[in-house]
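The values are calculated or read from the model by the stated rules, or taken from the named source; none is laboratory data. Source: prediction; values computed, not measured. Note that we place each Cβ from the backbone using ideal geometry, even for glycine, and neighbour counts take in every protein chain shown. Please note that ligands, DNA and RNA were not included when accessible areas were found on the heavy atoms of the full protein model with its side chains. Shrake-Rupley method; radii C 1.70, N 1.55, O 1.52, S 1.80 Å.
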Amino acid sequence: MKKAYRVKKNEEFQQIFKDGHSFANRQLVIYALKKEEQSHFRVGLSVGKKIGNAVLRNQIKRYLRQAFTDLESDIKPNYDYVIIARMPTRNMGYYEIKSSLNHLLKKTKKFRQ
């Protein structure tokens, strides 16, 4: 995933948490904030220390980034997303995380029609 597609700064995370809409399932929480001036979406990832050690947390982040890359053509642009991984993601593989993210994006209506 390109750096232009990532939310990195704490202020941006806080703005998305404050002004964005949240949706959740058992595995993930997603915050979405519309940004009219952007031509593409951006993603910020958060995997807490309770999930596991650094190796496991980084693996979950890689899975989420790859899932967003695979679904890139179907996701609406002009949004900033923050994804928070919950405890069940520690036992999930890539395809399970991707289907969970897919379910959540359909629930939020952030797929192109």
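Answer yes or no as to whether K8 is open to solvent by 60 Å² or more (accessible area, probe 1.4 Å) and closer than 20 Å to A67 by Cα. In short, yes.
Inspect all residues belonging to the stretch 34-49 and state whether any of them is of a type in the set (A, V, I, L, M, F, W, C) and open to solvent by 30 Å² or more (accessible area, probe 1.4 Å). Quick ask: steps written out before the conclusion?
First pass over the stretch 34-49, keeping only residues of a type in the set (A, V, I, L, M, F, W, C): 41, 43, 45, 47.
Narrowing the set further to residues that are open to solvent by 30 Å² or more (accessible area, probe 1.4 Å) leaves 45.
Among the residues of the stretch 34-49, at least one is of a type in the set (A, V, I, L, M, F, W, C) and open to solvent by 30 Å² or more (accessible area, probe 1.4 Å), which makes the answer yes.
The helices (runs of 4 or more DSSP H) falling completely within the stretch 5-113 that include 1 or more residues that are touching a Pro at 6+ places or on another chain (Cβ under 9 Å) and in contact (Cβ under 8 Å) with a residue 12 or more places away in the chain map to 94-107. When the stretch 54-89 is limited to residues that are surrounded by 14 or more Cβ atoms within 10 Å (Cβ to Cβ) and of a type in the set (G, A, S), the one that is farthest from K3 (Cα to Cα) turns out to be A85.
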